[in-house]
Structure formats: C-alpha cells, structure tokens
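Below: the structure, in structure tokens.
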Amino acid sequence: MTAADPAVPVPVPTPVSVSALAEPVERVGRGWTSALSLANGAIWVGWYGPLQILLASQAEDFAPGSGMSKETMLAWVTGAGAVVSLVANPLFGALSDRTTARWGRRTPWIVAGAAGGALSLLLLAGAGGVWTMAAGWCLVQLTLNAAFAAVTAAVPDRVPRLQRGSVGGWLGAAQILGVVGGTGLATVAGGTGGGYAACAVFTLVGVLPYVLRYEDLRLPASARPPWSGRAFLASFRLSPREHPDLAWAWLTRFLINLSNALVLLYLLYYLRDRLRLDDPEQGVLVLTAVNGITLLATVVVGGVWSDRLGRRKPFVIWSGVLMAVATAALACWQTWPGAIAAAAVLGVGFGVFTSVDFALMTDVLPKAIDRGKDLGVINIANALPQVAAPVLAAPVVTYLGGYRVLYLLAAVIGLAGAVLVVRIKGVD
C-alpha cells in the first residue's frame, strides 16, 4: 500500500463515472484500506459474538423441556440462519451492482445492512424460545449479509490486482479481530442481553469511518442493464463449463470452510463435555485469542508475499494442508494443551488462506458489471458450510463416534479442498 490516501468527505455527492466498471489501476491508500477493514471487522463482530457464545448459551437455556438437546437446537438455529445467508449474500450483491444512488453502489447497502444488523441483534437478545431465537438469527444473517456483500465488492471495484493480496490480508486481519472482539464482548458484557447489545453497537459504529469519509464509485443509470426478472434470476447461475476456474475456486473455498465450520460449531461443548474444562466459555475465548494471534502474524504477510510473487495457488494449497493437520490433532490429542496447539497452527494456516484465497477469487471474476453478484455467489461457499456442518456434525457427535470422528472427518474435508486448488488453471 502507498501512503497516499484518497479520502473525500461524503457530504459532496460522487460524480457520475463509468470508472465503476473499469479495472482499477490506482493503488488504494492506507486510510481507505483501514476504514474498509474496520467495517468488515464490525460485521464479523455481529456474527461471531452470537455464534461463539450467545447462541450456544441461549440454546442451553431453551433446550430443557423442548424435546431437543442443546446441540440439536443450536444446529437447527444456525442452519436456518445459514440458509438465509445463502440467498441474501448474492441477492444483495446483485442489487448493489445495479444501484445508481448518488452515494454510489456499495455505500447505501453497507449503511442499511449494518443498521438492520444492529437492530436484529437487539431483537435476538429478547428471544424467549427456540422459534424467536431462530427468527432473530435469520434477521441478523439477512441484514449483515447485505453489508458484507457490499464491503467485499468494494475491493475489485477499487483495488488493482497486484494489491489485492495485501488488502485481502488486512480484511482478513479485521475478520479475525472481529471474531475475537465479538467473542470478547459476548463474554465480558454481562449476560446474554448485554453481549448482544455490545455487539450491536460495535457493528453499527464500526462502519461509520468508511461510509462517512470515503467516496464510492457511482454507476450511471445509462450503464445499468435493462431490468428483466427472468434475466436477473438467471444471472445467479454461473456455469462450471463456461467458468471452470471460478467453479473450482468456489469448491475449494467451500470444502476448507466446511472443515473450519465443523471445528467451530461445537467448540464450547467440546471443551465442556470432552475436555471437562471448569470454565468452557473462557476456554473458547482463550482458543479464539490464540488462533487470532497466529492468524494475525501470517494473514497480511501471506497476502503481501503472494502479491510480490504474483502467485496464489501454492499459498492456498499449503495453508489448507496445514489446517488439515491441525484439525486432525484435535482428534488425536484431546487435551487442553493439544487444543491450544491446534488453535495456534490453525491460525497460521487460516491466515495465509484468508488473504490469498480472497485475492484468488477476485482474480477469477468473469465481468465487472456483476462483481457484487459473483462475489455473493462465491460467498455462498462461506455460508453453505454453516448449513452442512450441523447436518454432518450432529449425527456424528451423537451416534457415530463423537468428537474424535468429527475432527478426523473435518481434516479429510479440508485436505480435499487444498488438493483441488491444482484444478484452477487460469491463476498461477
């Protein structure tokens, strides 16, 4: 990144420009990257405070007398939210592609999504049972995915190809800080209600520096494709035959994220029921912090290194292999020191994967006019594992061998994702 900082106060409308569809060539500055990263981290606070602590605590409170175990209830609630995410991310990405608002294509959706997400978190805090809990979480997924789709689309809009690894690294760093921050807020804010309120405030406030300080590229109405409902729906289908690199990139991301989701889904219960920790909530926070420290040590370095070499695939392959090894360690070394070591190694691998895989995804996008929609389709590979993980994990933990088998399965899935990266032909 350069020291130049293209900051422009938002109160003056952005001039109409076809640069919204051009391939960017001017490097973005540190301030722009920092503000976008903060917005990204704020969204992840809104997701992972609930996912790591708050939803699990609510499931434990609501499960008695419901006919469901806490594991099953948590699986159904998170699965329902993930289904909403599957639709919301590409939908809002496509809508932002077509937005011709005076403040740009992406900014209106970042603001609306963050505000809606904060309100949804406050509603979720007042859930009185499994149905209101599920409805609240679905609203959180719907709104925060609107903001997330716009944030990620801003990168191919504004960042040249050989800077995307480093920018992706900063976004990845913000992501893990959001996970750690969300977990920390949920743990120390004083109960479930306080945890949700703290996450809601941070989610809304965190996007303000970007939307208030930096201009967004505006799409002229003349450049927007004519509206056709049939064509709009058909656009969400990306043919693997026409775009094989995009298809393989999507599959590798899905498999590695599914492996990670299987690890995280029952982490609180793993520490409580398998490792017998006296304070499993604190244990989740410790493991998340350890993972975050090692991830932060590699996420930016991996992205910058990838930019300098002009290569993506070797970084994704070997980071995936490393994560698979760490996941297998959770199955074979079921102790608290083993969990800490696995969290550290997972952080190293996931740090490199997060930044370089993001850059790889932007490198295989087919068309500029559809960047938001195509990234939304790619981001299904982040959301779909949240649906598949509960379906796989609940019967494995309950009937098919417990946590040892679950983590071995996760390691095999992650290794498959790493190996399949070699099928991408259009990117070094």
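The values are calculated or read from the model by the stated rules, or taken from the named source; none is laboratory data. For clarity, every value in this text was computed on a predicted model and none was experimentally measured. Cβ coordinates were reconstructed from backbone atoms using ideal geometry, including for glycine residues, and neighbour counts include every protein chain displayed. The accessibility values were calculated without ligands, DNA or RNA, using every heavy atom of the protein model including side chains. Shrake-Rupley method; radii C 1.70, N 1.55, O 1.52, S 1.80 Å.
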Query raised in the report: Which Cα, out of Leu295, Leu264, Ile369, lies furthest along the positive dipole direction of the chain (beta carbon charges, K/R +1, D/E -1)?
Result: Ile369
Query raised in the report: For the chain, with every protein chain kept in place, what is the accessible area per residue (1.4 Å probe, Å²)?
Result: 39
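Hey, got the dipole for the chain? About the Cα centre, +1 on K and R Cβ, -1 on D and E Cβ, debye to the nearest 20? Intermediate values should be presented prior to the final figure.
Working: 30 positive and 22 negative charges, 200 e Å.
It comes to approximately 960 debye.
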Report task. Please state, rounded to one decimal and in Å, the Kirkwood hydrodynamic radius that the chain gives when every pair of distinct Cα atoms enters the mean of 1/r. Result -> 21.5
Report summary line: In the chain, lysine pairs 8 or more places apart or on different chains with C-alpha atoms under 29 Å apart total 5
Query - Segment Glu242-Leu162, length gained on full extension (0.36 nm per residue, minus Cα span) - result: 26.3 nm
Requested in this report: Output the DSSP H helices from the chain with an along-axis C-alpha extent of no less than 30 Å and a mean Kyte-Doolittle hydropathy no less than 0.0.
Outcome: 70-98, 130-158, 164-188, 244-265, 280-309, 336-363, 371-399
Requested in this report: Project the alpha carbons of segment 334-425 onto their principal axes and report the range along each, largest first, in whole Å.
Outcome: 49, 27, 22
Requested in this report: Using a cut-off of under 19 Å, list every residue of segment 54-79 whose amide N is near the label point 7 Å from the Cα of Gln334 along the Cα-to-beta-carbon line.
Outcome: 70-72
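What do you reckon, how do Glu23, Glu215 stack up by accessible area (1.4 Å probe), largest on top?
On the way: Glu23 90, Glu215 55 Å².
Accessible-area ranking of Glu23, Glu215, largest first: Glu23, Glu215.
Assigning unit charges at the beta carbon (Lys, Arg +1; Asp, Glu -1) and nothing else, what dipole magnitude in debye, to the nearest 20, does segment 304-375 show about its Cα centre? Write out the running numbers ahead of the final one.
Numbers: 7 positive and 5 negative charges, 33 e Å.
Dipole of segment 304-375, to the nearest 20 debye: 160 debye.
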Report task. Under 18 Å from a label point 7 Å along Cα→Cβ of Leu122: give me every residue in segment 57-96 with its amide N that close. Result -> none
Report summary line: Placing each pseudo-label 7 Å from Cα in the direction of the beta carbon, Leu400 and Ala341 end up separated by a distance in nanometres of 2.8
Query - Relative contact order (percent, whole number), the chain, Cα cutoff 8 Å, 6+ residue spacing - result: 26
